[in-house]
Amino acid sequence: MTRRRFLQATLAGLSLAGFGARLALATGAGRQPLVLSAVDDAAGNHFIAGIDLAGRPRFQIPVDDRCHGGCQRPGIEHALLFARRPGRHFYIVDTRRGEEVARIEAREGFHFYGHGVFSRDSRYLYVTLNHFPSGEGVIRVYDADENYRHIADYALDGIGPHELRLHPDGETLVIALGGIKTHPDYDRIKLNLDTMETALVLMDRRDGRIHQRFTPSHHQLSCRHLDIAPDGTVIAGYQYQGPEWETPPLIARLDGHTGKFSEIALPEDDQSRLRNYTASIAVHPETAYAAITAPRGNRVVIIDYRKSRYVRSLDVPDVAGALPLAGGGFVVSSGNGSVQLIHPDRERPELLTHLDLRWDNHLTLFA
C-alpha cells in the first residue's frame, strides 16, 4: 500500500453523522484532511506536525512544550494540541496555513495533562488539569467563541485526570482519572502510589455534576486513556503502578447498553508482554474491534469490544498512536518514525511509511 492510499483509506468512508469530527470526512468545505501529532526530532526539539493525504509533511510547527493529545474544533480550521504534564500551554493551529495562531496558558498553580475535547457546537472546550498546590484534578471549561476565556473549573474529587472524550449523547464527559499525584518541583516523580485512587468518571458537561464513578479492580491500576464506540461503549486503558512481576488486567469496558463495568483479561503470555502499560485506545466505529497500544511491550492488542473478547496481539516496536481505517483496519505510529497498518484478521503489520520523527502516543485526525 502506498502512502497516498494509506492516508486516503484513513479518511474515506468514515463519515458518520453525529459521531464527531475525529472520524468525519468533511465534504465540500475545501478542507485538506490531515493527520496531526506531537513529534520530536532527533535533537529533542518539540513540534506539532501535520501530514497530508499523500503522506507528505504539510507543516512542522516548533513549540515550547512537549505536546501529547489533540482535538479538532468542529467546523473551524483549527486544531488544538495540549502540553503533556507538567506543561502549561495548549496550542491553537490554523491547519490551512500551518501556523500557530494562539497559545493559552494554564494560569498560576495549574498544568495540563495533555488532553481536551470540544462540545458538539464547537463553543466549549473541556481540558484536564492539575492544581498542583492541592494535588486536585479539575476539568477546566473555556469559551472558544470568546478567545478561549476561562469560564469554569469542575472539581473531580480526585487526582490526575488524563484523557477525556465526549459521549455520543453530547452531554456527558467520560474522564480517565489516573489517581497519581505529581508536582512540577519533583519532575515526573509519583508521590502517592500507596494511597492513589483511580476511576472512570462520567460528568455532566454543563454543570460538572458527577453522574457515575467506576473503580478498577486494584487501586494502583491508573486509568489513563479511553475511546468511545457509537453505541456509548467505553474502552479504557490502565497503567499499573504496582510490582512489575504482577500482571493485572489493563483493559476496562463500560457497556453502552447495560452500564456494566468490567475488565478484559488477556491470555497469560500476552498479558505479561504488555509490561503493565497501555497508551492509545482506538475503537473502530464500523466494526466490533478496538486497538490498544502498549509502547513498553512493543505490542498492539486487538479486542472485540462488543463481546469483551481478546482477538490477537501484534509486535510493533515502540508503538505510539492509533487511528481507525476505513475497511476495518487501524494505522499505528511509532517512536522510531514508522507508520504501520494493522488489521484484526492479519497476524503481521504492514509498513506504510517511515519519517525521521519521534511520534507521540496519540494521533489526531483533522478532516
### Task
Could you pull out every residue, at least 5 positions away or on a different chain, whose amide H is within less than 5 Å of the one on residue 338? Hs are placed 1.01 Å off N in the peptide plane, and Pro or chain starts have none.
355
### Message
Modelling each spin label as a point 7 Å along the Cα-to-Cβ direction, I'd like the residue 318/residue 272 distance in nm, to one decimal.
### Response
2.7
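Quick one: 76, 139, fewest Cβ neighbours within 10 Å first, how do they rank?
Numbers: 76 14, 139 23.
Listed from fewest to most nearby Cβ atoms, that is 76, 139.
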### Query
Can you put 240, 113 in order, fewest other beta carbons within 10 Å first?
240, 113
### Choice from 198, 128, 258 with maximal GNM fluctuation in the chain (Cα, 10 Å cutoff)
258
### Query
Quick one: 342, 210, fewest Cβ neighbours within 10 Å first, how do they rank?
210, 342
### Query
Which of 84, 224, 97 moves most in a GNM of the chain, Cα contacts under 10 Å?
97
### Summary
From DSSP H assignment alone, runs of 4+ in the chain each adding -39500 (n - 2.57), the sum over residues rounded to the nearest 500 puts [θ] at 222 nm at -1000 deg cm²/dmol
### Task
Count neighbours as other Cβ atoms within 10 Å of each site's Cβ, and list the chymotrypsin sites (Phe, Trp or Tyr not before Pro) in segment 135-176 that are DSSP loop with at most 10 such neighbours.
none
## Note on the structure
Taking every other residue with Cβ under 13 Å from the Cβ of residue 188 and scoring Lys and Arg +1, Asp and Glu -1, one gets +3
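How charged is the neighbourhood of residue 233? Take every other residue with its Cβ under 15 Å from the Cβ of residue 233, and add Lys/Arg as +1 and Asp/Glu as -1.
With Lys, Arg at +1 and Asp, Glu at -1, the net is -1.
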### the chain: most fluctuating residue of 191, 352, 173 per GNM, C-alpha cutoff 10 Å
191
## Note on the structure
Expressed as a whole-number percentage, the relative contact order of the chain with C-alpha contacts under 8 angstrom and at least six residues apart is 13
### Query
Using 1/(1 + (r/R0)^6) with R0 = 41 angstrom and r between the beta carbons of residue 121 and residue 262, what's the FRET efficiency to the nearest 0.05?
0.80
#### Entry: Set of lysines with alpha-carbon distance to residue 307 below 19 Å, sequence-local pairs under 8 removed
260
### Summary
Going residue by residue through segment 339-356, the Karplus relation 6.51 cos²θ - 1.76 cosθ + 1.60 with θ = phi - 60° gives ³J(HN,Hα) values, rounded to whole Hz and with x marking Gly or Pro, of 10, 10, 9, 10, 9, x, 8, 10, 7, 10, x, 10, 5, 9, 6, 9, 10, 7
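Every read-out reported here was derived from the displayed coordinates using simple, explicitly stated rules and does not represent laboratory data. Computed from a predicted model, the values in this text were never measured in an experiment. Heads up, the Cβs are rebuilt from the backbone with ideal geometry, glycines too, and the neighbour counts pull from every protein chain shown.
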